[in-house]
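Participant: Just passing along the structure, written as structure tokens.
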Amino acid sequence: MAWAAFGVLAVLLIALPFLVEAGLGRTWVRILDFAMLYVMLALGLNIVVGFAGLLDLGYVAFYAVGAYFYAILASPQFGLHLPFWALLPMGAGIACFFGVLLGTPTLRLRGDYLAIVTLGFGEIIRIFLNNLNAPVNVTNGPQGINMIDPVRIGGHALTRPIEILGVQLSGPHAHYYLFLGLTLFVIFAAIRLQHSRIGRAWAAIREDEVAAEAMGIHTRNVKLLAFAMGATFGGLGGGLFAAFQGFVSPESFTLMESIMILCMVVLGGMGHIPGVILGAVLLTMLPEALRYVGPLQQELIGRVAVDPADLRMLLFGVALVLVMLFRPQGLWPSPMRARELRPDNPDQVRQEQESLYDAER
Amino acid sequence: MDVLLQQLINGLILGSLYALVALGYTMVYGILELINFAHGEIVMVGAMVSVSVLAALTAAGVPVALALPLALAAAVVVCVVTGVLVERVAYRPLRNAPRLAPLITAIGVSIVLQNLAMIFWGRQYLSFPPVIEVQVYDVLGATVSNVQILIFVVAALTMGGLLLLVNRTRLGRAMRATAQNREVAGLMGVDVNRVIAATFIVGSALAAVAGLLIASYYGIAHYNMGFILGLKAFSAAVLGGIGNIPGALLGGLLLGVIESLGAGYIGDLTGGFLGSHYQDIFAFLILILVLTFRPSGLLGERVADRA
Amino acid sequence: MTSKLLITLVLGAASWSMPAWLTAAETIEIGCVAPLTGPQAHLGKDIENGARLAVDTINASTPTIGGQPVQFVLLVEDDQADPKTATVVAQKLVDEGVKGVVGHLNSGASIPASRIYAENGVPQVSPASTAVAYTNQGFDTTYRLMANDSQQGKALGQYATRLGKRVVVVDDRTAYGQGLIDEVVKSVEASGGKVVGREYTTDKSTDFTAILTSLKSKRPDVVVFGGMDPQAAPMVRQMRTLGMKTPFMGGDGMQSAEFIKLAGPAAQGAIGSSPGLPLEQMPGGADFTKRFGERFGKVQIYAPFSHDSAVVLIQAMLRAGSAEPKQYLPELAKTQLDGVIGPIAFDAKGDLRDGPVTLYQVKSGQWQPVETIGGPAAK
């Protein structure tokens, strides 16, 4: 049975871009590509926020590091055109290094301090990217880096259409399969991490750091590992973004991007991998769906009262507040976390709150 | 020499604005241990309301001497209502939730306020009506304007008033008690919810004053003016010692001066390697360094707990 | 909520696929992209309307290609001024088989989109993007009808040195501001002036007292700012408060009515440049204003440029006797025609040859044209 279900899922995933193209047009294949990219990013952030319970508001910094690393070494910027497959893991590694660099001094800090420090770090990285065009032109400053090499597989640039077994594959289609493969890898890695000793240590720290430490968990190292893993996935996503888009500039790595990825994690369900995937896919589609809000208003009330483009961030904010107030476990929570956050038994709540209170004081 | 003096004046004016905003962060943090991310947006609301009201009143021919206090009053009312509403809706239900929860809602509230303001006032910058004739005075080769002096005086008076409130009144004592230990204060007969609401009221009223001053000084108001301002003010509060009111004052003034001198001299100091493009980095660097190495800040007695 | 969304999605999809079966043999589709929602929606609409006027006018003259009567159809898309969305809609237009594209507005959108057009061989004429990088990518499908930032920076620099030799510059660290100021610096030095100070700010700052104070100590003859009006206005106010009476100049980012409104009395005497001729001085300006006004109302900025972009594309097809990009692209490169905006010809990169730049000055609360630098008329 399970194998049959897997088979159906596999066929569906392989056929998806063609179905989407037939139904909605190729544009949606490109949107699907972005959705995959955000799934990877959201899963990376989920390790930090969902698994280990550390609020990272500067996650986009690692994404930016990955993207710029690839952009600088595979573009006319320095005339270097190193191969994608070598740069991608290296970019992820550099992002990981930055994660450790930031994490080492700051992970001792309490949750909310950590959040604000990571936010500051994200801004600092962006400011440097924006200004490192002088005295030595490293990042090309606000102009960004253009003409970045596309992904090549066996000498074939993935942006060019190709025919495989009689099937015409366009650029977005080919990227879809590449991203799908990597997303599956990231999902696999995230699941393995969650169910490993480290994953359980993260959960223990998230629930009660003092108790975790008492149980012999080296909290600082374990937290640092969460940070490093999250950063690695961010760097991976960055490299893919740069190669896919062909152009990076500091504008793409603002605080709002960090908050959007956070929103995906929170909305979907912190710590629950299927939930996070759902959150990422939903929020990537949201701007596209909002395109219909304008005509819809026109039809319903005869004029466009609120510009749909203005609604996007508002909805993000509202979603963050509502989810935290009414459904902190997210849209698709993990069964266990749901029980913790929304127990049916009020006695249990009181008991847990009291024990939490004791630990905090 | 006049350049240095001028940069100090620039820094002190900017710093007193930071200090006014930092007070709001520090008061809430002192009592709730919550980074009220939305405070910067309350300042923005104060600026937007005061500019719109002032513009409407002066256009209707109301004399400035009357229009200015009315605009301030309107801003205070709207800010206080917004602040209290935010506390009621977004923070109070989560007071006993895990720490991350109120922080995430705070970010959410901040985004919501920003975007509501954008929809309500539009994306255009509002311009502050030219009701105050700018006079420029020469001081030892540097210049000071009457608006700058006004800002400095108003900021000083407001902070003096706040110190009196906190140290000399019953409400202030209740606030200090709640900040020290919420549960025990409750047991001693302090109505904790009312004290927290009062904190938000005072903080939001200060934000309204700050909003009006900022709008009048720079001549413009905009829906996204609050976030970065809020972050910098928060950094100032951290620098001075978060939860500590004189600390917010000191931190604000210091940050203003550091930014001013930094932007003015960083190019010469680093031989042109770094320039004023890095002006915005100082606040974040201070934030990271202080939180990492001296979380209690310059004046903080409270040893911030580390996890 | 979710089901409603789904319905709108499905309905939307149905309406998208419609043109595919409506396309008869004799209609030729031309894409038009600009931000139609968000803060620049009015400018995007301006672009759409200008192109629409051109297409309708040409259609009314019963054009033929290779002896066959044809009609042109404008497919309009919204890129929300966002680089990522720009690539999505570019892909959409390519998939729908457009033969050419008028757009985008923002350089940040035009540049990533141009790669998709180039890969699919679809010619793109931007009526508004001015970043130098846009035509510098080596694509043979990339054109524009507006003087670029290099041409504008050159004009600003030349004018600045006429006001005084000691020039200081400020840029806002955006692609636009930095690109413009880099060109101003080059031009100032080339015209015998000297850049004695360069400072930086951001597109969100309001306090410029620190950088202005250090610029003041350089005793400049003129200040040139690369950035937008919300920064330019408080900057010029703070200059006056600091006792700097130096002339203040900037590019098209501050040459707006908004600047005058926000800066108040401090705006007086400020100088701003804008690519192209003033509408009333364009060869076809009066006629265009009238025709456009009858259908769409007031011209914002870009309508004459998007009008001519569409004309340039269609004329190349007509001359080549084919709407296939491969066939008409060489004709597009050889374009020589008199448009609304003046004589149009492209250089090897696809930039408008001798794009004119006009300088305006605030006099009694209004921008008034002072001088046009460059342009074929200057020769």
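Participant: Among the candidates B:LEU17, B:LEU70, B:LEU85, single out the residue that is open to solvent by 40 Å² or more (accessible area, probe 1.4 Å) and within 14 Å of another protein chain (Cβ to nearest Cβ). Reasoning before the result, please.
Facilitator: Working: B:LEU17 fails: open to solvent by 40 Å² or more (accessible area, probe 1.4 Å); B:LEU70 fails: within 14 Å of another protein chain (Cβ to nearest Cβ).
Going through B:LEU17, B:LEU70, B:LEU85 in turn, the sole match is B:LEU85.
Participant: Moving on to the next point. In the list A:LEU262, A:LEU236, which residue meets the criterion of being among the hydrophobic types (A, V, I, L, M, F, W, C) and open to solvent by less than 10 Å² (accessible area, probe 1.4 Å)? Steps first, please.
Facilitator: Working: A:LEU236 fails: open to solvent by less than 10 Å² (accessible area, probe 1.4 Å).
None of the others qualify; the one that does is A:LEU262.
Participant: I'm trying to understand the selection: among the residues of the stretch A:290-320, which are in a helix (DSSP H, G or I) and open to solvent by 40 Å² or more (accessible area, probe 1.4 Å)?
Facilitator: Going through the stretch A:290-320, the residues in a helix (DSSP H, G or I) turn out to be A:290, A:293-301, A:308-320.
A:PRO295, A:LEU296, A:GLN298, A:GLU299, A:LEU300, A:ILE301, A:ARG312, A:LEU315, A:VAL318 - these are the residues of the stretch A:290-320 that are in a helix (DSSP H, G or I) and open to solvent by 40 Å² or more (accessible area, probe 1.4 Å).
Participant: Conditions: (1) more than 10 Å from chain A (Cβ to nearest Cβ); (2) open to solvent by 30 Å² or more (accessible area, probe 1.4 Å). B:ASN96 meets all but one. Number of the miss?
Facilitator: Single failed check for B:ASN96: (1).
Participant: Out of everything in the stretch A:272-307 that is charged (D, E, K, R) and free of Cβ contacts under 8 Å to residues at least 24 places away in the same chain, what residue ends up being farthest from the other protein chains (Cβ to nearest Cβ)? Please lay out each step first, then the result.
Facilitator: At the first step, the residues of the stretch A:272-307 found to be charged (D, E, K, R) are A:288, A:291, A:299, A:303, A:307.
Subsequent filtering for residues that are free of Cβ contacts under 8 Å to residues at least 24 places away in the same chain retains A:291, A:299, A:303, A:307.
Numbers: A:ARG291: 7, A:GLU299: 11, A:ARG303: 14, A:ASP307: 5 Å.
In this case the residue turns out to be A:ARG303.
Participant: Now for a different question. Suppose we keep only residues that are out of contact with any helix residue (DSSP H, G or I) (no Cβ under 7 Å at 6 or more places or on another chain) and over 26 Å from B:ALA38 (Cβ atoms) within the stretch B:100-142. Which one would you say is nearest to the other protein chains (Cβ to nearest Cβ)?
Facilitator: My answer is B:ASP138.
Participant: Additional query: Among B:VAL136, B:VAL154, which is the only one that is within 24 Å of C:MET244 (Cα to Cα) and surrounded by fewer than 22 Cβ atoms within 10 Å (Cβ to Cβ)? So that I can check it myself, show each step before the final result.
Facilitator: Details: B:VAL154 fails: within 24 Å of C:MET244 (Cα to Cα).
None of the others qualify; the one that does is B:VAL136.
Participant: Given C:VAL98, C:VAL70, which one is within 14 Å of another protein chain (Cβ to nearest Cβ), touching an Asp or Glu at 6+ places or on another chain (Cβ under 8 Å) and of a type in the set (A, V, I, L, M)?
Facilitator: On the way: C:VAL70 fails: within 14 Å of another protein chain (Cβ to nearest Cβ).
Unique residue meeting the criteria: C:VAL98.
Participant: Which of the numbered conditions does A:LEU255 fail, given that it passes all the others? Conditions: (1) more than 9 Å from every other protein chain (Cβ to nearest Cβ); (2) closer than 26 Å to C:SER110 by Cβ.
Facilitator: It fails just one condition, (1).
Participant: Check the stretch B:209-227 and report whether any residue there is farther than 18 Å from B:ILE13 by Cα, in contact with a Gly (Cβ under 7 Å, 6 or more places away or on another chain) and within 11 Å of another protein chain (Cβ to nearest Cβ).
Facilitator: Yes: the stretch B:209-227 contains one or more residues that are farther than 18 Å from B:ILE13 by Cα, in contact with a Gly (Cβ under 7 Å, 6 or more places away or on another chain) and within 11 Å of another protein chain (Cβ to nearest Cβ).
Participant: Quick one: which residue in C:GLN315, C:GLN361, C:GLN300 is on the phi < 0 side of the Ramachandran plot and open to solvent by 70 Å² or more (accessible area, probe 1.4 Å)?
Facilitator: On the way: C:GLN315 fails: open to solvent by 70 Å² or more (accessible area, probe 1.4 Å); C:GLN361 fails: open to solvent by 70 Å² or more (accessible area, probe 1.4 Å).
Checking each option against the conditions leaves just C:GLN300.
Participant: Scan the strands (runs of 3 or more DSSP E) fully inside the stretch C:42-158 and keep the ones with 2 or more residues being open to solvent by less than 10 Å² (accessible area, probe 1.4 Å). Break it down into steps so the answer makes sense when it comes.
Facilitator: Working: elements: C:71-78, C:100-102, C:124-126, C:142-144.
Per the criteria, C:100-102, C:124-126, C:142-144.
Participant: For the stretch A:150-192, which positions are under 18 Å from the mean Cα position of the chain (by Cα), of a type in the set (Val, Ile, Thr) and surrounded by 15 or more Cβ atoms within 10 Å (Cβ to Cβ)?
Facilitator: A:THR183, A:VAL186, A:ILE187
Participant: Turning to a different aspect of this structure: Any residue at all in the stretch A:88-103 that's at negative phi, within 14 Å of chain C (Cβ to nearest Cβ) and in contact (Cβ under 8 Å) with a residue 40 or more places away in the chain? Spell out how you get there, then give the answer.
Facilitator: Here is the first cut: in the stretch A:88-103, the ones at negative phi are A:88-103.
This time we only want the ones that are within 14 Å of chain C (Cβ to nearest Cβ), so: none.
No, the stretch A:88-103 has no match at all.
Participant: Right, another one. Taking strands (runs of 3 or more DSSP E) that fall entirely within the stretch C:165-271, which contain at least 1 residues that are at pLDDT 90 or above, open to solvent by 40 Å² or more (accessible area, probe 1.4 Å) and not assigned by TED's automatic domain parsing to the domain that holds C:ILE301? Outline the logic, then answer.
Facilitator: Numbers: elements: C:166-171, C:194-200, C:222-226, C:248-250.
Here the list reads C:166-171, C:194-200.
Participant: Which condition number in (1) of a type in the set (Ser, Thr, Tyr); (2) within 27 Å of B:GLY46 (Cα to Cα); (3) crowded, with 18+ Cβ neighbours inside 10 Å is the one that B:THR178 fails?
Facilitator: Result: B:THR178 passes all but (2).
Participant: Pick from the stretch B:37-59 the residues that are polar (S, T, N, Q) and open to solvent by 10 Å² or more (accessible area, probe 1.4 Å): which of them is farthest from the other protein chains (Cβ to nearest Cβ)?
Facilitator: If we filter the stretch B:37-59 for residues that are polar (S, T, N, Q), which is where we start, we get B:50, B:52, B:58.
Restricting the remaining residues to those that are open to solvent by 10 Å² or more (accessible area, probe 1.4 Å) gives B:52, B:58.
On the way: B:SER52: 15, B:THR58: 13 Å.
Top of the filtered list is B:SER52.
Participant: Enumerate the helices (runs of 4 or more DSSP H) found wholly within the stretch B:205-307, keeping only those where 3 or more residues are without any contact (Cβ under 8 Å) to a residue 24 or more places away in the chain and more than 15 Å from the chain's Cα centre (by Cα). Give the derivation first.
Facilitator: Values: elements: B:226-240, B:245-269, B:281-293.
The qualifying helices (runs of 4 or more DSSP H) are B:245-269, B:281-293.
Participant: Cβ-Cβ under 7 Å, sequence separation 6+ or interchain: first residue in the stretch C:140-157 and without any contact (Cβ under 8 Å) to a residue 60 or more places away in the chain, partner surrounded by fewer than 24 Cβ atoms within 10 Å (Cβ to Cβ) and assigned to a helix (DSSP H, G or I). Which pairs?
Facilitator: C:SER150/C:VAL132; C:SER150/C:GLU183
Participant: Within the stretch C:323-357, which residues are polar (S, T, N, Q) and either open to solvent by 20 Å² or more (accessible area, probe 1.4 Å) or modelled with pLDDT of 95 or more (or both)? Quick ask: steps written out before the conclusion?
Facilitator: First, the residues of the stretch C:323-357 that are polar (S, T, N, Q): C:327, C:335-336.
Within the stretch C:323-357, C:GLN327, C:GLN336 meet the criteria.
Participant: Here is a further query. Pairs only if they're at least six apart or on different chains, beta carbon under 6 angstrom, first in the stretch C:204-222 and facing another protein chain (nearest Cβ under 9 Å) and within 17 Å of B:GLY15 (Cβ to Cβ), second of a type in the set (Phe, Trp, Tyr) and part of a helix (DSSP H, G or I); list them, first residue then second.
Facilitator: C:THR206/B:TYR218
The values are calculated or read from the model by the stated rules, or taken from the named source; none is laboratory data. In this text the structure is predicted, and so the values were computed from the model without any measurement. Please note: Cβ atoms are built from the backbone with ideal geometry, for glycine as well, and neighbour counts cover all protein chains shown. Keep in mind that these areas ignore ligands, DNA and RNA; they rest on the heavy atoms of the full protein, side chains included. Shrake-Rupley method; radii C 1.70, N 1.55, O 1.52, S 1.80 Å.
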